[in-house]
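What follows is one structure encoded as structure tokens, with my remarks underneath.
The values are calculated or read from the model by the stated rules, or taken from the named source; none is laboratory data. As the structure is a computational prediction, the values presented were derived from the model and not from experiment. No Cβ is skipped: glycine too gets one built from the backbone with ideal geometry, and neighbour counts run over all protein chains shown. When the accessible area is computed, the model is the full protein with side chains, heavy atoms only, and any ligands, DNA or RNA have been set aside. Shrake-Rupley method; radii C 1.70, N 1.55, O 1.52, S 1.80 Å.
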Amino acid sequence: MSIDVIVVGLGFGADFAPIYQAHPDVGRVAVVDADPDRTAAVADRLGIADRFASLEEALAADGWDAVHLLTPVRFHAEQVQQVLRSGRHCASAVPMATTLDDLDALIAAQDESGRNYMMMETAVYSREFFHAKRLLDDGRLGRLSYFKGDHLQNLDGFPEYWRGYPPMHYVTHALSPALALADTRAESVRCLGSSRLTPEHVGVAGDGFGTEAGLFKLAGDEALVANVTMSFFQLGRSYLEGFSVYGDQGALEWPQLEGGPMKEFRMAPLTEARRGREVTAVDVEPSGAPELLPAAIRRFTSGGHGGSHPYLVHEFVSSIVEDRAPRVDARTAATWTAPGICAHQSALQGGAEVQVPDYGTR
Ligand SMILES: NC(=O)c1ccc[n+]([C@@H]2O[C@H](COP(=O)([O-])OP(=O)(O)OC[C@H]3O[C@@H](n4cnc5c(N)ncnc54)[C@H](O)[C@@H]3O)[C@@H](O)[C@H]2O)c1
């Protein structure tokens, strides 16, 4: 079986169209962008004949099995529902949505349509995540004990719609690795805002903060916590987007500077020769898991976001071909997105504890 895919939004989407073109289970690929010049430029460069002027025009066309949306965040909730209602499968860039009501609406749309929805979360398909998962599965971390996540990125000069964007509304890259590794959900959050937005940074979301620092309590008896810092404005610090995971026998820490080596820690047994257990640290450069991919798209693992893009495409396409739910279906996506929505609520309430809805799976 081969499926035909429409890629919508050709900023970030221009990275994904060639992966679909190369995937052995994909037939035709079409592109759509609200900016006709951009559509023409990308389609010409990639040799794509099928182009549409709008999502509506694309959905009115016959054929086409699936749509991958990479449009600005404010369109995700409505466009995902349009795609699912048209009878197509839908992949969407993060975040799933920015209100709890919209998360519920997308779960309902997925269930009612009987089609696949997948949130394309790069963090859980990065080479660093594959390495962390291997360490955990091999017992080298021991029992999980703590998580950290950071996404620090200056959004000055980004498209206008990012102005004043609540950092925690984009929490998935920094939090989902913890939730995926612990195989659980965030039960509640306490979050403080740091650095009140200056007037030139306030956007449509109203007053808020440049940085938001949250403590997420994970569900389960282990009393696990994920400590996540999100910052988009007013922080004089270079880009960082990653996670660290700690167990009672070892740990994997994200580098201080993006692109540097991760540090893997191993703790030795206690000896009489010293106080405290010895911990060694080694540099690691994770290689991912390209053997999981069709040979034709392995070359794309050299791309951005930890080489995650071809894995995301492969999982979305395979889930359709194999007629099964994708790894990050609507309930999992809501489980990873809602904690950030609740964290921003907590920050607006001065750090009050906010319960995170339970979407029933993760
Ligand atoms: N690591 C990640 O997962 C990651 C990284 C970057 C961006 N993103 C997400 O990808 C999405 C796109 O990001 P970007 O940086 O490319 O944004 P962008 O604003 O730079 O580009 C968006 C593109 O979509 C087009 N567009 C806007 N509205 C449209 C509509 N209604 N129909 C069709 N096309 C439309 C625009 O013309 C533009 O070409 C965002 O949701 C962002 O959050 C995710």
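Here are the numbers for this structure:
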| item | result |
| --- | --- |
| Residue tally, condition in contact (Cβ under 8 Å) with a residue 60 or more places away in the chain, away from the ligand (no atom under 16 Å from the Cβ) and among the hydrophobic types (A, V, I, L, M, F, W, C), over the stretch 294-314 | 2 |
| 1 or more residues closer than 30 Å to Gly288 by Cα, among the charged types (D, E, K, R) and not assigned by TED's automatic domain parsing to the domain that holds Gly13: qualifying helices (runs of 4 or more DSSP H) within the stretch 82-196 | 127-137 |
| Filter result (in the same structural domain as Ala105 (by TED's automatic domain parsing) and without any contact (Cβ under 8 Å) to a residue 12 or more places away in the chain) within the stretch 318-350 | Glu322, Asp323, Arg324 |
| Residue among Asp33, Asp44, Asp37, Asp62 that alone is farther than 25 Å from Met119 by Cβ, open to solvent by 10 Å² or more (accessible area, probe 1.4 Å), within 11 Å of the ligand (Cβ to nearest atom) and assigned by TED's automatic domain parsing to the domain that holds Val7 | Asp37 |
| Selection count, the stretch 201-210, where residues are more than 24 Å from Trp336 (Cβ to Cβ) and surrounded by 18 or more Cβ atoms within 10 Å (Cβ to Cβ) | 1 |
| Residue satisfying all of: in the stretch 143-158; more than 19 Å from the chain's Cα centre (by Cα) and open to solvent by less than 70 Å² (accessible area, probe 1.4 Å); nearest to Leu215 (Cα to Cα) among these | Ser145 |
| Residue identified as charged (D, E, K, R), touching a residue at least 60 places away in the same chain (Cβ under 8 Å) and under 28 Å from Gly139 (Cα atoms) among Glu272, Glu258, Glu222, Glu291 | Glu222 |
| Count - residues of the stretch 275-288 that are in contact with a Lys or Arg (Cβ under 8 Å, 6 or more places away or on another chain) and either without any contact (Cβ under 8 Å) to a residue 60 or more places away in the chain or open to solvent by 40 Å² or more (accessible area, probe 1.4 Å) (or both) | 6 |
| Boolean, Arg74 is basic (Lys, Arg) and open to solvent by 30 Å² or more (accessible area, probe 1.4 Å) | yes |
| Matching residues in the stretch 254-284 - criterion: being among the charged types (D, E, K, R) and under 21 Å from the mean Cα position of the chain (by Cα) | Glu258 |
| Selected residue [under 18 Å from Pro326 (Cβ atoms), open to solvent by less than 20 Å² (accessible area, probe 1.4 Å) and either over 20 Å from the mean Cα position of the chain (by Cα) or among the polar types (S, T, N, Q) (or both)] from Thr122, Thr184 | Thr122 |
| Hey, Arg88 open to solvent by less than 20 Å² (accessible area, probe 1.4 Å), of a type in the set (D, E, K, R) and in contact with a strand residue (DSSP E or B) (Cβ under 6 Å, 6 or more places away or on another chain) or not | yes |
| Any hit, the stretch 211-232, residues being open to solvent by less than 20 Å² (accessible area, probe 1.4 Å), within 24 Å of Ser194 (Cβ to Cβ) and among the hydroxyl-bearing types (Ser, Thr, Tyr) | yes |
| Residue within the stretch 8-17 that is more than 10 Å from the ligand (Cβ to nearest atom) and touching a Lys or Arg at 6+ places or on another chain (Cβ under 8 Å) present | no |
| Complete set of residues in the stretch 1-24 that are under 19 Å from Leu293 (Cα atoms) and open to solvent by 50 Å² or more (accessible area, probe 1.4 Å) | Met1, Ser2, Asp15, Gln21, Pro24 |
| Selected residue (criterion: nearest to the ligand (Cβ to nearest atom)) from residues of the stretch 101-119 that are open to solvent by less than 10 Å² (accessible area, probe 1.4 Å) and within 14 Å of Ala325 (Cα to Cα) | Met119 |
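Matching residues to (1) over 19 Å from Met168 (Cα atoms); (2) touching a residue at least 24 places away in the same chain (Cβ under 8 Å); (3) among the hydroxyl-bearing types (Ser, Thr, Tyr):
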| residue | (1), (2), (3) |
| --- | --- |
| Val67 | yes, yes, no |
| Pro72 | no, yes, no |
| Phe75 | no, no, no |
| Leu84 | yes, yes, no |
| Arg88 | yes, yes, no |
| Ala93 | no, yes, no |
| Ala97 | no, yes, no |
| Asp102 | no, yes, no |
